[in-house]
Each structure stands twice: as C-alpha cells, then as structure tokens.
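K.L.:
Quick one: the structure is below, and I'll ask about it shortly.
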Amino acid sequence: EIVSKNIFGYSNDQDIEHLFTWIGMDGKLQQTGENEDYLALSMTSFSGNKSDANIRQTLTHSTLIEQSGEVVDELVIERAHLWSDQLFAKMRNTLIPFGFKDFPEHLVKILGAGDNKVAIRVYVPDGSILQNTEGIDIEKVATRVDPETQKTYFAFDMLTENRKIKSITLRYTLPFLVQADPTGEYRFFIQKQAGMKPVTFIKNIYTQPNLKLLKQFPDTLKKTDQKIH
C-alpha cells in the first residue's frame with residue numbers, strides 16, 4: 001500500500017518524519033529540477049454521492065519540443081461515468097438481504113447513479129502558462145501558484161453526467177527551454193494522488209521534423225523517428 005501511494009504518514013517528531021520521507025510515504029509533492037517537467041492531479045469530489053466508484057479515468061499527457069527549445073504540453077483528462085442497469089441490479093441484490101426493499105430515485109443517485117462532480121487541481125512546473133483549453137472555457141480555469149510546493153496549478157471543476165464521457169484539454173507552455181545544440185534532455189516526473197483508483201496514463205513526446213530523438217528511458221517506450229509513447 002505504501003508503494004502504491006495509498007498510505008501516507010506525518011509526524012511532528014523529526015526522526016519519524018525523516019523515516020516517512022526515506023521510505024516514500026511522506027506524501028509531499030516532488031521537488032523537481034529547474035528544467036524538469038512535472039504533473040500531479042488532485043481531485044476532490046463534491047457530488048454528495050458515491051459516483052466516484054463508477055468513474056473510469058484516462059490521462060493523456062503529450063509534449064511537443066519546438067526547434068527553438070520551447071516545450072508545449074497538452075493534458076487531456078477523460079472521465080467516463082460507468083453506471084449501468086446491471087451494476088444497479090447487482091447492488092440491489094446485495095442490499096435486499098439487509099432489509100432494503102425500496103429504492104427511490106434519490107437513493108439510487110446517492111448509491112452512484114448521480115452526476116459526478118470534482119474540483120481538480122493540475123500541478124505543473126512553476127511558471128507554466130495556460131494557452132488554451134477544450135471542453136471548458138479558459139475563463140473558468142484559474143491559474144495559481146502554491147508557494148509551499150513551488151508549483152503552478154490550474155484549478156477548475158469537472159462534471160461528468162450519468163453514463164456520459166467528459167473530456168477536458170489543457171494546453172500550456174513550460175517555463176524553460178530544452179537546449180538541443182547539439183543535444184538536449186527532457187525529463188518528466190508524475191505523481192499519483194493518494195487513494196486514487198487506477199488510472200490509464202498515456203505519455204507522448206513529439207519533436208519538430210528537424211529534431212531527432214536519440215534515446216529514451218525506460219527503454220520499453222515505443223519510438224518512431226519523431227515520437228515516443
């Protein structure tokens with residue numbers, strides 16, 4: 001559970017806190033290098049129901065490295081509400097032996113059929129600039145800086161209706177350049193929110209035609225001339 005980032009610990013005792021940090025359960029946002037890309041999502045549900053259990057989430061993070069060294073990131077957050085009649089029938093059959101006989105509409109919504117609403121924070125390198133969005137008006141995305149974590153974050157709400165798929169795209173530029181003369185390096189670090197259900201994460205790296213990708217880590221990443229994924 002510690003390795004899966006489902007258990008974190010904090011202590012006022014410095015020795016114990018150092019232990020938590022050493023074994024990776026302190027829960028702090030990673031302090032990345034000056035020229036390192038970073039991503040962490042924090043999601044807080046305010047639906048007032050159990051719909052989170054029925055959400056399937058996919059994150060696609062794509063990076064374009066320009067000839068000038070400018071780095072443009074695109075994050076696509078896709079959330080699918082998987083409530084179904086079959087799921088309700090299974091839940092109903094489980095509850096009936098415990099004395100539940102009536103299932104009015106408001107109860108069914110509380111059990112998971114209701115719309116899913118979350119407040120999202122997308123943590124990125126400090127100084128990143130949001131350029132445009134899809135699936136949400138850019139005016140509804142607040143850009144803030146967290147001085148404690150030294151990260152910029154984009155904050156917004158996301159609504160996924162019953163049995164629907166919702167997608168939001170953010171495009172932003174990073175505050176540093178990848179110097180590729182003659183070679184350069186791009187590093188990326190992602191952190192998982194504690195207790196979050198398994199998420200499908202897709203990472204793509206693109207370069208301009210006059211740039212060539214020489215090497216990648218891990219070696220298992222698929223590679224073409226101008227793309228790593």
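K.L.:
Give Ala155, Ala142 a once-over and let me know the one that is at pLDDT 95 or above and under 24 Å from Lys50 (Cα atoms).
P.N.:
Unique residue meeting the criteria: Ala155.
K.L.:
Would you be able to say whether some residue in the range 5-14 is among the polar types (S, T, N, Q), part of a helix (DSSP H, G or I) and open to solvent by 30 Å² or more (accessible area, probe 1.4 Å)?
P.N.:
yes
K.L.:
Can you list residue pairs whose Cβ atoms sit under 7 Å apart, with the first residue in the range 187-202 being under 20 Å from Gly33 (Cβ atoms) and the second being of a type in the set (Gly, Ala, Ser) and exposed (fewer than 14 other Cβ atoms within 10 Å of the Cβ)? Count only pairs 6 or more apart in sequence or on different chains.
P.N.:
Once the first residue is under 20 Å from Gly33 (Cβ atoms) and sits in the range 187-202, its partners that are of a type in the set (Gly, Ala, Ser) and exposed (fewer than 14 other Cβ atoms within 10 Å of the Cβ) give Arg187/Gly33.
K.L.:
Looking only at residues that are of a type in the set (Val, Ile, Thr) and open to solvent by 40 Å² or more (accessible area, probe 1.4 Å) in the range 116-149, which one is nearest to Gln191 (Cα to Cα)?
P.N.:
If we take residues in the range 116-149 being of a type in the set (Val, Ile, Thr) and open to solvent by 40 Å² or more (accessible area, probe 1.4 Å), then Val145 is nearest to Gln191 (Cα to Cα).
K.L.:
Could you tell me whether any residue of the range 171-181 is closer than 30 Å to Leu82 by Cα, open to solvent by 40 Å² or more (accessible area, probe 1.4 Å), modelled with pLDDT of 95 or more and in a strand (DSSP E or B)?
P.N.:
yes
K.L.:
Looking at Leu75, Leu64, Leu111, Leu82, which one is of a type outside the set (Gly, Ala, Ser), over 28 Å from Gln30 (Cβ atoms) and open to solvent by less than 70 Å² (accessible area, probe 1.4 Å)? First the steps, then the outcome.
P.N.:
Numbers: Leu75 fails: over 28 Å from Gln30 (Cβ atoms); Leu64 fails: over 28 Å from Gln30 (Cβ atoms); Leu82 fails: open to solvent by less than 70 Å² (accessible area, probe 1.4 Å).
Only one candidate passes the filter, namely Leu111.
K.L.:
Can you name the residue in the range 186-204 that is in a loop (DSSP other than H, G, I, E, B) and either at pLDDT 90 or above or not charged (D, E, K, R) (or both) and is also farthest from Glu1 (Cα to Cα) among such residues? Spell out how you get there, then give the answer.
P.N.:
First, the residues of the range 186-204 that are in a loop (DSSP other than H, G, I, E, B): 186, 192-199.
Then drop every residue that is not either at pLDDT 90 or above or not charged (D, E, K, R) (or both), which leaves 186, 193-196, 198-199.
Working: Tyr186: 30, Gln193: 13, Ala194: 10, Gly195: 9, Met196: 12, Pro198: 13, Val199: 16 Å.
That would be Tyr186.
K.L.:
From the residues in the range 27-61 that are touching a helix residue (DSSP H, G or I) at 6+ places or on another chain (Cβ under 8 Å) and surrounded by 18 or more Cβ atoms within 10 Å (Cβ to Cβ), which one is farthest from Ile2 (Cα to Cα)?
P.N.:
Asn49
K.L.:
Applying the selection to the range 42-91, what residues are over 28 Å from Gly127 (Cβ atoms), of a type in the set (A, V, I, L, M, F, W, C) and out of contact with any His (no Cβ under 9 Å at 6 or more places or on another chain)?
P.N.:
Phe46, Ala53, Ala80, Leu82, Trp83, Leu87, Phe88, Ala89, Met91
K.L.:
Failed condition for Leu130, given (1) out of contact with any Asp or Glu (no Cβ under 8 Å at 6 or more places or on another chain); (2) more than 30 Å from Thr32 (Cα to Cα); (3) in contact (Cβ under 8 Å) with a residue 12 or more places away in the chain, with all others met?
P.N.:
Condition not satisfied by Leu130: (2).
K.L.:
Okay, moving on. Identify the single condition in (1) open to solvent by 80 Å² or more (accessible area, probe 1.4 Å); (2) modelled with pLDDT of 95 or more that His106 does not satisfy, given that it satisfies every other one.
P.N.:
His106 satisfies all of (1) open to solvent by 80 Å² or more (accessible area, probe 1.4 Å); (2) modelled with pLDDT of 95 or more except (2).
K.L.:
Could I ask something else about it? Would you say Lys212 is open to solvent by 90 Å² or more (accessible area, probe 1.4 Å), among the charged types (D, E, K, R) and at pLDDT 80 or above? Show your work before the answer.
P.N.:
On the way: open to solvent by 90 Å² or more (accessible area, probe 1.4 Å): yes; among the charged types (D, E, K, R): yes; at pLDDT 80 or above: yes.
Spelling it out, Lys212 is indeed open to solvent by 90 Å² or more (accessible area, probe 1.4 Å), among the charged types (D, E, K, R) and at pLDDT 80 or above.
The values are calculated or read from the model by the stated rules, or taken from the named source; none is laboratory data. Model, not experiment: these values are computed from the prediction. All Cβ positions, glycine included, derive from the backbone under ideal geometry; neighbour counts span all protein chains shown. Keep in mind that these areas ignore ligands, DNA and RNA; they rest on the heavy atoms of the full protein, side chains included. Shrake-Rupley method; radii C 1.70, N 1.55, O 1.52, S 1.80 Å.
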